[in-house]
Ligand SMILES: *Cc1c(COP(=O)(O)O)cnc(C)c1O
């Protein structure tokens with residue numbers, strides 16, 4: 001029997017747009033991933049934020065399997081009861097009266113920027129330095145990173161970038177041409193920088209006073225990642241629009257644009273998507289919502305030991321996230337790191353050197369992690385990670401940083 005080198009096959013035929021690590025992931029359960037040789041890794045990549053419910057979560061598997069045999073596609077020119085139930089639930093838990101469903105984070109931001117133009121009648125947009133909003137032309141226009149933008153100039157005009165967490169700079173940039181301000185609650189790709197207390201509230205006040213719409217990008221921070229279902233709940237704001245995607249359907253591709261009362265309904269035919277609101281994604285989204293909002297049973301993991309009897313999945317993220325961050329701050333050696341940042345299970349460790357050798361060493365020791373820029377180590381473990389795996393990963397990270405630096 002011939003042995004096929006699938007890694008080589010993939011290198012030969014895929015676009016080349018991604019630099020891949022030299023392992024092959026074939027299976028996952030909870031916060032564990034397995035390579036082709038059966039070696040197990042603790043997953044702190046978390047599908048880049050799309051695996052908040054871990055891998056092969058039984059509630060998601062069951063919902064997808066059931067719906068796949070019923071109806072997968074149903075464009076929004078027809079009504080569909082699965083979509084209706086999902087939209088109603090999503091609106092109920094998020095507090096937004098309406099939602100436009102799409103398929104990814106970039107697409108959600110793209111739509112939000114279009115809606116902002118329609119509803120404000122203005123073309124200008126303010127986004128933040130270090131901000132990331134996706135790779136399509138509109139979302140890329142709001143994204144800060146030069147390497148992502150420069151090969152594609154000119155992008156859409158009218159987008160201004162201001163320093164994040166500097167309210168005076170936002171005030172100075174807000175003119176009567178600005179239709180929308182687009183901000184993350186914790187800048188993810190840009191290095192895991194959380195909004196400082198009061199920043200988003202002040203931004204909201206400025207926007208309201210200026211007739212400008214506030215769009216909050218919760219693509220990475222949503223779905224329990226930061227210790228509340230949506231991160232902006234912690235900042236006491238009511239954005240005009242919230243965009244979300246990544247983990248909203250438990251790992252199936254899905255995105256959404258949440259529309260406040262102030263935005264209201266869209267006029268027919270002003271926006272659309274063939275796959276948006278498909279019943280398969282809606283069934284997965286509905287199952288995911290149930291898991292996010294119900295008490296935590298360690299479902300989807302092999303671990304059965306529970307921490308506190310009636311602690312919810314996301315409450316646990318808040319408590320354990322703070323404990324783990326405090327541990328990292330106290331134990332990551334001075335010589336390796338400048339700062340430990342984040343909220344909930346969104347961790348950023350600002351290193352004193354490059355992150356690439358750290359990622360490689362961690363992989364060799366059985367922990368998969370992410371960068372956020374050249375010198376920040378980012379961890380996005382599934383929310384369902386067991387206590388044991390989380391603390392083991394933290395310990396391996398502390399040891400590895402001590403060894404590499
Ligand atoms: C990942 C991400 C996006 C883009 O989402 P895609 O689904 O990859 O298009 C947009 N905004 C933020 C904050 C993200 O983290």
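None of the figures in this text is laboratory data; all of them are computed from the coordinates on show. Remember, predicted model here, so these are calculated numbers, not experimental data. With ideal geometry, Cβ positions are generated from the backbone for all residues, glycine too; neighbour counts draw on all protein chains shown.
Taking N as the number of residues in the chain, what is its Cα Rg relative to 2.2 N^0.38 Å? Present the calculation step by step, with values, prior to reporting the outcome.
Numbers: Rg = 21.0 Å, N = 405, 2.2 N^0.38 = 21.5 Å.
So the Cα radius of gyration is 0.98 times the expected 2.2 N^0.38 Å.
Inter-label distance, residue 310 to residue 8: 6.0 nm, where each label sits 7 Å from its Cα along the C-beta direction.
Comparing mean-square fluctuations of 379, 313, 155 from a GNM of the chain with C-alpha springs under 10 Å, the top value falls on 155.
Taking the DSSP bridge list for the chain and keeping only pairs wholly inside it, about 65 percent are antiparallel.
For the residues 338, 21, 117, a GNM of the chain with alpha-carbon springs under 10 Å puts the largest fluctuation on 21.
Label-to-label distance, residue 290 versus residue 360, with points set 7 angstrom from Cα along the beta-carbon direction: 4.6 nm. Using Cα pairs closer than 8 Å and at least 6 residues apart in sequence, work out the relative contact order for region 159-265, in percent. For region 159-265, the relative contact order is 21 percent. Considering helices alone, the calculated mean residue ellipticity of the chain at 222 nm is -10500 deg cm²/dmol, with DSSP H runs of length four and up weighted by -39500 (n - 2.57) and normalised per residue. Fully extending the segment from residue 271 to residue 91 would add 62.9 nm, taking 0.36 nm per residue of separation and subtracting the current Cα-Cα distance.
For the chain, modelled as a GNM whose springs connect Cα atoms under 10 angstrom apart, the maximal fluctuation among 212, 244, 175 occurs at 175. Relative contact order of the chain, taken over Cα pairs closer than 8 Å and 6 or more residues apart, is 22 percent.
When the gyration tensor of region 1-99 is built from Cα positions, what are the square roots of 5 times its three eigenvalues, in whole Å, from largest to smallest? The partial results should precede the final answer.
Values: eigenvalues 243, 65, 48 Å².
Three semi-axes, in Å: 35, 18, 16.
For the pair residue 338 and residue 137, label points projected 7 Å from Cα toward Cβ lie 3.7 nm apart. One Cα centroid belongs to region 375-390, the other to region 174-243; the line between them spans 24 Å. When the Cα atoms of region 132-176 are aligned to their principal axes, the ranges along those axes come out at 31, 22, 14 Å in descending order.
Any chance you could run the full-extension gain for residue 36 through residue 168? It's 0.36 nm times the residue separation minus the Cα-Cα distance, nm to one decimal.
On the way: separation 132, 0.36 × 132 = 47.52 nm, distance 5.26 nm.
Separation in residues times 0.36 nm, less the Cα-Cα distance, equals 42.3 nm.
The residue 319 and residue 148 beta-carbon pair, evaluated with R₀ = 35 Å, returns a calculated FRET efficiency of approximately 0.50.
Under 8 Å for C-alpha pairs, at least 6 residues apart: give me the relative contact order for region 90-174, rounded to a whole percent.
25 percent
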